[in-house]
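Report on the structure given below.
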Amino acid sequence: MEVHLSQSNLVNGTEFVLTGSKSESNRLLILQSLIPGIKLYNLSNADDVRLMKKALESDSDIVDIHHAGTAMRFLTAYFAATAGREVVLTGSNRMKQRPIGILVDALRKLGADIKYMEAEEYPPLKIKGRELQLNWVELESGVSSQYITALMLIGSMIKGGLTIQLRGKPTSVPYIKMTQKLLSRVGIKCSFEDGRIMVEEYGKMNNAVDVTVESDWSSASYFYSLAALSSIGTRIKLRSYRDNSYQGDSALVSIYRKFGVLSRFDGDVLILEKTADPENRLVSFDLVDTPDLAQTIAVSCLGLGLDCDLSGLHTLKIKETDRLEALKQEIEKFGGRVEITDRTLKLHSPEQLKTKQLVKTYNDHRMAMAFAPLALVTELFIEDAGVVSKSYPDFWRDMGRIGLSVRER
């Protein structure tokens, strides 16, 4: 599906209830499968979460998670620690290009039986589940926090618990802390300090726990971008959020203040208001803890005619696509100039945007959603727009509700 976005204006004061956090949902589904008595509410309706749920409920000897990178990492650890379960874990062609060797090596050191079926250090994997025996593992921590989380989620199932010693400065620390808080929420003791994570063994008791998943802050980022690109006085209301969020992307509150967007809470309603135009033509952010916001921020800057200097982006090359290269290619269609390294992006915005450009999405949901707010300043087309179902199936419906002119063609 390709969509045509005419230049549009927002409907002021629109209110939305966004689906639950994809990150929280996937972690909690693993924990629910390991621990009896957990009941979950407001789960995400994203494709990635549906794939995770389907995989956990399946008794098939082949599990295909398609493009779902989180599911690949978490399920590798889950199946490896599930005694008696034998499975081939596979995915899309892009998934077979996304490295998983660091996690597999760590699991093997704990006693896991995992074999590569094609290229070394890449899916698909043949996993024979067994009871893991060792209680300590060292892990390179600068590549993906999901490797660390995958081990944390199964740590309580190991007799005596699990200690994870991190080498180097970890990336996306808020996601590690999210996992720590969710473990505590369901009754598993976990500490994280001085580069060492300790997960205590779970007591195996049936302890009923109800957990409501907070709405997704990553999905909120597109509304922040819309607010930033709108006129002063524009308001958007989002439910169900909390100001003490577990989610690292709640950093949006401070980040978008630089774009003149203020946030306040009224109960569980997050209210965004455009109160001023940006004061500086150049904005700089270190996104090492929030790399999923990079595309949204870069496009916000493009639409506002701002230059930006983004760092801490080294994980973006192993996402659904090489997001740094994809951003460079698509932003430059609008007249911007982009310089990238393996961990930085510098944008030099044009004085006037080129119009009626076709944005490629590269099988990456965030490419489609990040560029959509540009419709407030120019006309554009987005290729393979249905890819948003990976994390936000109702995205185009909600864009129409807020005032964007969205037409399929």
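Quick notes
- Considering residues of the range 313-326 that are free of Cβ contacts under 8 Å to residues at least 40 places away in the same chain and open to solvent by less than 20 Å² (accessible area, probe 1.4 Å) only, the residue farthest from ARG409 (Cα to Cα): LEU313
- Looking only at the range 340-360, and only at residues there that are assigned to a strand (DSSP E or B) and in contact with a Phe, Trp or Tyr (Cβ under 9 Å, 6 or more places away or on another chain), the one that is most open to solvent (accessible area, probe 1.4 Å): LEU358
- Considering LEU293, LEU304, LEU310, the condition of being modelled with pLDDT of 95 or more and either open to solvent by 30 Å² or more (accessible area, probe 1.4 Å) or among the polar types (S, T, N, Q) (or both) is satisfied by LEU304 alone.
- Any hit, the range 154-164, residues being open to solvent by 20 Å² or more (accessible area, probe 1.4 Å), within 20 Å of PHE74 (Cβ to Cβ) and at pLDDT 95 or above: yes
- Within the range 115-139, tally of residues that are part of a strand (DSSP E or B) and open to solvent by 10 Å² or more (accessible area, probe 1.4 Å): 6
- Residue identified as over 26 Å from LYS177 (Cα atoms), among the β-branched types (Val, Ile, Thr) and surrounded by 17 or more Cβ atoms within 10 Å (Cβ to Cβ) among VAL253, VAL261: VAL261
- Every residue from the range 45-81 that is closer than 26 Å to VAL143 by Cα, open to solvent by 10 Å² or more (accessible area, probe 1.4 Å), in a loop (DSSP other than H, G, I, E, B) and at pLDDT below 95: HIS66, HIS67
- ASP286 passes every criterion in (1) open to solvent by 40 Å² or more (accessible area, probe 1.4 Å); (2) over 20 Å from SER221 (Cβ atoms) apart from (2).
- Extreme residue, farthest from ARG366 (Cα to Cα), among residues of the range 35-44 that are part of a loop (DSSP other than H, G, I, E, B), out of contact with any helix residue (DSSP H, G or I) (no Cβ under 8 Å at 6 or more places or on another chain) and open to solvent by 40 Å² or more (accessible area, probe 1.4 Å): PRO36
- The number of residues in the range 327-337 being free of Cβ contacts under 8 Å to residues at least 12 places away in the same chain and open to solvent by less than 50 Å² (accessible area, probe 1.4 Å) comes to 0.
- Count of the range 356-409 residues which are free of Cβ contacts under 8 Å to residues at least 60 places away in the same chain and among the hydroxyl-bearing types (Ser, Thr, Tyr): 2
- Residue in the range 167-179 that is modelled with the lowest pLDDT, counting only those that are under 16 Å from LEU151 (Cα atoms) and open to solvent by 40 Å² or more (accessible area, probe 1.4 Å): ARG167
- Top-ranked residue of the range 238-276 - restricted to ones that are among the charged types (D, E, K, R) and free of Cβ contacts under 8 Å to residues at least 24 places away in the same chain, ranked as nearest to PRO291 (Cα to Cα): ARG257
- Flag if GLU201 is without any contact (Cβ under 8 Å) to a residue 24 or more places away in the chain and open to solvent by 50 Å² or more (accessible area, probe 1.4 Å): no
- Test: residue in the range 361-371 that is open to solvent by 10 Å² or more (accessible area, probe 1.4 Å), assigned to a helix (DSSP H, G or I) and polar (S, T, N, Q): no
The values are calculated or read from the model by the stated rules, or taken from the named source; none is laboratory data. All figures in this text were calculated on a predicted structure; none of them were measured in a lab. A quick note on method: Cβ atoms are made from the backbone with ideal geometry, for glycine too, and the neighbour counts reach across all protein chains shown. Ligands, DNA and RNA are excluded from the accessible area calculation, which covers all protein heavy atoms including side chains. Shrake-Rupley method; radii C 1.70, N 1.55, O 1.52, S 1.80 Å.
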